[in-house]
Structure formats: C-alpha cells, structure tokens
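What follows is one structure encoded as structure tokens, with my remarks underneath.
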Amino acid sequence: MSNTPKPDAATLLAIWKKATLIKLNDERIIKQMMAGKLVMPYYSPRGQEIIPSALSMHLTDDDYICTIYRGIHDMLAKGFPLGELWAELAGRATGTCKGKGGPMHLTHPAKGMMVTTGIVGSSMPIATGLGWAAKLDGKNRVSVANFGDGAANIGAFHESMNMAALWKLPVIFMCQNNLYAEHTSAADSRVVDRISARADAYGMPGVTVDGNDPDEVYGATKIAIERARAGEGPTLIEAVTFRFNGHLLGEAGTYMDKQLYAECQAKDPMPILRARLLTEGIATEDDLVAVEADINGQIDVALAAAMAAPFPDPSELKRDVFAQDLA
Ligand SMILES: Cc1ncc(C[n+]2csc(CCOP(=O)(O)OP(=O)(O)O)c2C)c(N)n1
Ligand SMILES: [Mg+2]
C-alpha cells in the first residue's frame, strides 16, 4: 500500500473527529440501554469506526450509501443528523422514519443514506440498483454497499458484483470483515483466506486493507471512488477489522477465540489514532479534549430532544405502508 494516496494532517484530524463521534455515540447508546432507558436490538459498530470515517472523506451528500443493521457508524460518517437518529432509535415521531422504522431501518435520503434492512446481503443489490440509477442520471454520483464478511457468502453478493462489473456501474463494494458472522468465525464459513480474491471472478479490482488503519482505508477508497466516477466500474474492498461488543449487545461472547479477542483489542484503532495525532503534532491534548466535549454536548442535545418527543400516534400505524398513502 506504500504508493497509495495518504490523508494529509487536516484530513486525518477530520477522520478522527468522525470516528470519535461514532465511538462516543456508541458509548451513549450502551449507557442508555444498560440504564433501561432505551430498549432495542443493538449491533454495536465499536471497533469499526475508521472504515466509514476514512471512506466518507471522498463522498458528498449526493453519493449514495446502503448499510446493514450494524450501520450507525456508516450513517454518522455520511452525515446522518444526530437528532433524527436518536429520535428514531427511541421510536419517536420526530425520527427519520417517524419512529416506525427503529434501529434496523434507519434511512435519510437527504444525506444519501438510502435504506437499511436486517436482511443480510440486502445492501448489495440495492446499492447496485442505485449505481445503475446514478449512471442513468449522469450526476457522477457513486454508490457504496457496506456489508459484512458473512454477507460475502450470500448469493446477492455474487449477483450484484457480476451485474455491476458487466454494466461498469459506479459501485464500491465495502466488505467490513470483522472476523465473525453472528457466532461463526471465518474459518467455519469460508475456504479462501481473502474475500477480496473473489473480485477476480467478476473482472473488477479487489483489495484487502487493514480496516483499522486510516491511511490504508483512505487510499483504497480514494482509488476506488475515482475509478467509479471516471466510469471505469466497481471495486471490491475488504477492510479487516473487529467488533468489540460481539454480534448483539448483551451476548456473552463465549464463542470468540480469547487470544484473537486480546490481539484485536491491542489493535483498537481509536486510542491508536488519538495517540498518533498527538505524536505527529497534528493536535494537542487540549484540542482533542475540546472536540470530545463538543461531541458529547451534541449527543446530550439529541438525546434530550428525542426523549422529550412524542411517540407516533396509533392512527399512524398503517400510514407509509401502502403506496396509495404516499400521495
Ligand atoms: C438473509 C439472512 N440470513 C440470515 C440472517 C441472520 N443473521 C443476522 S446477522 C447475521 C450475520 C451476518 O454477519 P456479517 O455479514 O459478517 O455482518 P456483521 O454482523 O458481522 O457485521 C446473520 C446470519 C439474516 N438476518 N438475513
Ligand atoms: Mg462479520
């Protein structure tokens, strides 16, 4: 990866700010849930913060992304507003889906966050369709499909990659390989070592990067997005990372290899990037503390507004379900 583009100091700081928003937001969600103030299924993205933070440096509001149930990191990096996010998590009428979608269906088209579902692999055909739409509307948008390592074994992965390559669609297939799919390790679900090797079968570039390294993710996504905008078609990126809070918040994690867990913890990207900003003189401790305090303040405001907002009225139950109600 030595000849790939690297983020400059200002970009590295911007990546850290986004990643810190994701981390602090995750901590607050967990705190609320543990206190019994928020009840929902939660798939924490803790550990995967760097991937969308570095990727989003190359995206605009006009670009599309699709993600999965473990996707709040992708959404926040893309600019999903905190207030509407918290309101939707809390099932309030002021949420981005009027409180009727909840944490599994977060959607915000104004920022290009097109749709989220709990169906493993669903982000890929949807993002491929959006890539086709982007090609037809000629606005030079790109479409990013975020998905996990487990989803790379789903039929939709292969169908989407084939179609995107055939029609040279501006799609980035961003596989966030966090080493487990629910409670199943990679070794129990795949023969090939690298998911990126599958790109060969569809005639597109495939690259594996350290998903915890902002330089590597920034460089690989820059190349892929420039290629997509130039009309040269899709790229598969496999970003290797780890999820620290297991599959679903609250599980015991007993199926995880203890040594692997300890090794991954030592590679936690958040303290590493924070320390790097200090040692490279990009920011001072005071600068970073001020950013963290500001972000916590923004979360306070979003949380308080969400909790004070009303639940959807029962008469809303069937609205937005059938097409005739959209008029
Ligand atoms: C089509 C489908 N099959 C199975 C499931 C059950 N399921 C939910 S999450 C999950 C694991 C997916 O793992 P991965 O793609 O690696 O994403 P991660 O949760 O690790 O981010 C499975 C099998 C589902 N939701 N949808
Ligand atoms: Mg996984």
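The values are calculated or read from the model by the stated rules, or taken from the named source; none is laboratory data. Just so we're clear, the structure is a prediction, and the values are computed from it rather than from any experiment. Note that each Cβ is placed from the backbone with ideal geometry, even for glycine, and that neighbours are counted across all protein chains shown.
Values as computed for the structure displayed
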| read-out | value |
| --- | --- |
| Matching residues, the range 121-146, being of a type in the set (S, T, N, Q) and not in a strand (DSSP E or B) | Ser122, Ser123, Thr128, Asn140 |
| Given (1) surrounded by 13 or more Cβ atoms within 10 Å (Cβ to Cβ); (2) small (Gly, Ala, Ser); (3) under 24 Å from Lys18 (Cα atoms), number of the condition Ala309 does not satisfy | (3) |
| Tally of residues being of a type outside the set (A, V, I, L, M), part of a helix (DSSP H, G or I) and surrounded by 24 or more Cβ atoms within 10 Å (Cβ to Cβ) across the range 41-67 | 2 |
| Number of positions in the range 251-287 that are without any contact (Cβ under 8 Å) to a residue 60 or more places away in the chain and in contact with a helix residue (DSSP H, G or I) (Cβ under 8 Å, 6 or more places away or on another chain) | 4 |
| Answer from Ala35, Ala87 - the residue that is over 15 Å from Thr241 (Cβ atoms) and crowded, with 18+ Cβ neighbours inside 10 Å | Ala87 |
| Only one of Gly95, Gly121 that is more than 16 Å from ligand 2 (Cβ to nearest atom), modelled with pLDDT of 95 or more, surrounded by 18 or more Cβ atoms within 10 Å (Cβ to Cβ) and among the small types (Gly, Ala, Ser) | Gly95 |
| Any hit, the range 128-145, residues being in contact (Cβ under 8 Å) with a residue 60 or more places away in the chain, within 16 Å of the chain's Cα centre (by Cα), under 26 Å from Asn212 (Cα atoms) and within 16 Å of ligand 2 (Cβ to nearest atom) | yes |
| Residue match in the range 8-26 (condition: surrounded by fewer than 24 Cβ atoms within 10 Å (Cβ to Cβ), within 25 Å of Gly148 (Cα to Cα) and free of Cβ contacts under 8 Å to residues at least 40 places away in the same chain) | no |
| Test result for Ala201, within 15 Å of ligand 1 (Cβ to nearest atom) and in a helix (DSSP H, G or I) | no |
| Residue that is free of Cβ contacts under 8 Å to residues at least 60 places away in the same chain and within 16 Å of ligand 2 (Cβ to nearest atom), where the choices are Ile72, Ile68 | Ile72 |
| Some residue of the range 216-224 being surrounded by fewer than 21 Cβ atoms within 10 Å (Cβ to Cβ) and outside any strand (DSSP E or B) | yes |
| Among (1) touching a Gly at 6+ places or on another chain (Cβ under 6 Å); (2) closer than 21 Å to Ile22 by Cα - the single one Gly253 does not satisfy | (2) |
| Residue within the range 264-278 that is touching a Leu at 6+ places or on another chain (Cβ under 9 Å), modelled with pLDDT of 95 or more and more than 16 Å from Ile15 (Cα to Cα) present | yes |
| Near pairs, Cβ below 9 angstrom, 6+ apart or cross-chain, from the range 99-121 (under 24 Å from His158 (Cβ atoms)) to any residue that is part of a helix (DSSP H, G or I) and acidic (Asp, Glu) | Thr116/Asp74 |
| Residues located in the range 154-185, provided they are touching a helix residue (DSSP H, G or I) at 6+ places or on another chain (Cβ under 9 Å), more than 9 Å from ligand 1 (Cβ to nearest atom) and part of a helix (DSSP H, G or I) | Phe157, His158, Glu159, Ser160, Met161, Asn162, Met163, Ala164, Ala165, Leu166 |
| The listed residue being on the phi < 0 side of the Ramachandran plot, among the hydrophobic types (A, V, I, L, M, F, W, C), over 21 Å from the mean Cα position of the chain (by Cα) and away from ligand 2 (no atom under 11 Å from the Cβ), out of Ala220, Ala197, Ala164, Ala156 | Ala197 |
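Per-residue answers, yes or no, for (1) within 28 Å of Leu288 (Cα to Cα); (2) assigned to a strand (DSSP E or B); (3) over 15 Å from the mean Cα position of the chain (by Cα):
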| residue | (1), (2), (3) |
| --- | --- |
| Met33 | yes, no, yes |
| Tyr69 | no, no, no |
| Ala77 | yes, no, no |
| Gly99 | no, no, yes |
